[in-house]
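Everything on this sheet refers to the single structure shown next.
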Amino acid sequence: MTDLRERTHKASVAVPQKEVRIPGSARSVAKHTGLILLTLVMLYPVIWMVASSLRPGEEIFRSPGLIPGSLEFSNYSEGWNALSSPFGHYLINSAIVVLGCIIGNLVSCSMAAYAFARLEFTGKKIWFAIMLGTIMLPIHVIIVPQYVMFSQFGWVNTFLPLIVPKLLATDAFFVFLMVQFIRGLPKELDEAARIDGAGHPRIFAQVILPLMLPALATTTIFTFIWTWNDFFSQLIYLTDPEMYTVPVALRSYVDATVSTSWGSMFAMSVVSLLPIFLAFLVGQRFLIKGIATTGIK
């Protein structure tokens, strides 16, 4: 009996078990199905907001489905003229701030990145470490001293506190991004330009800067999105309704003392998202190329 069990056990061990393999097509279908479901989950709030912008105000929270019972296109016309100024006025204000921040970041961050990547000066590593350390500082830590300083300058209720700091390379993330990109460029290009008599300004403007297009495009897209969506800083510095940007203007639709016009607010929220979608669609190719060709690997 014992010998029979041993032979049976050896036979079961000797027989190789077949592995169950899933065909490649089935894995691909499962992967794409999961990605589609995840995309729908992520897009659900946006789709719900678009559907709510076409609903009457009393139906928005009473029937929160994705298919509106009736279409209320008047929410867009009412929302456009609901505040003290047409909503286009706030879009222009946001465009001014965004344009100033983009120009400031492109000019100042590229120059600072060239200095850290190509120049040699005393305390270079220390200053670079300090610059990287500022990335970890939340805005809530520095907003009070900044507000006191800008208030003494008389800049409160203007666009200057939102734009001028960008001209001083205060966004360390973009400086680091460009430093890593410039370090990936061969120094032989600089040496060849120096042999031709070019100094650092000419090398930066005619050699390095044209090659930095992917990094500059990435900086432009991120600056646009972050500045357009910025609410906290703009709420602190802009107090006059005529100076409101889009995020601050959207807050004006919500009033605790009177009934909130939810339909108008959702309609203008959809309008405010259109520039971001357009910017991402236009610059998606440059964004991916910029991240792929920098030192973030």
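List of remarks:
- Some residue of the stretch 249-258 being within 23 Å of Leu54 (Cβ to Cβ), at pLDDT below 90, among the aromatic types (Phe, Trp, Tyr) and within 14 Å of the chain's Cα centre (by Cα): no
- Count of the stretch 51-94 residues, restricted to those that are among the hydrophobic types (A, V, I, L, M, F, W, C) and either more than 24 Å from Glu242 (Cβ to Cβ) or at pLDDT below 80 (or both), is 8.
- Pairs with Cβ under 6 Å, 6+ apart, first in the stretch 156-178 and within 21 Å of Phe231 (Cα to Cα) and touching a residue at least 24 places away in the same chain (Cβ under 8 Å), second in a loop (DSSP other than H, G, I, E, B) and not aliphatic (A, V, I, L, M): Asn157/Thr239; Asn157/Asp240; Pro161/Trp155
- Unique match (being over 30 Å from Leu216 (Cα atoms) and within 29 Å of the chain's Cα centre (by Cα)) among Pro56, Pro68, Pro86, Pro138: Pro86
- Qualifying residue in the stretch 172-188 (condition: among the acidic types (Asp, Glu) and part of a helix (DSSP H, G or I)): yes
- Number of the condition not met by Ser151 [criteria: (1) farther than 22 Å from Arg118 by Cα; (2) surrounded by 14 or more Cβ atoms within 10 Å (Cβ to Cβ); (3) small (Gly, Ala, Ser)]: (2)
- Exactly one residue out of Pro64, Pro45, Pro68 is free of Cβ contacts under 8 Å to residues at least 60 places away in the same chain, out of contact with any strand residue (DSSP E or B) (no Cβ under 9 Å at 6 or more places or on another chain), assigned to a helix (DSSP H, G or I) and not aliphatic (A, V, I, L, M), and it is Pro45.
The values are calculated or read from the model by the stated rules, or taken from the named source; none is laboratory data. If you're wondering where the values come from, they're calculated on a predicted model, not measured in any experiment. Because the Cβ atoms are built from the backbone with ideal geometry, glycine has one as well, and the counts that use them run over all protein chains shown.
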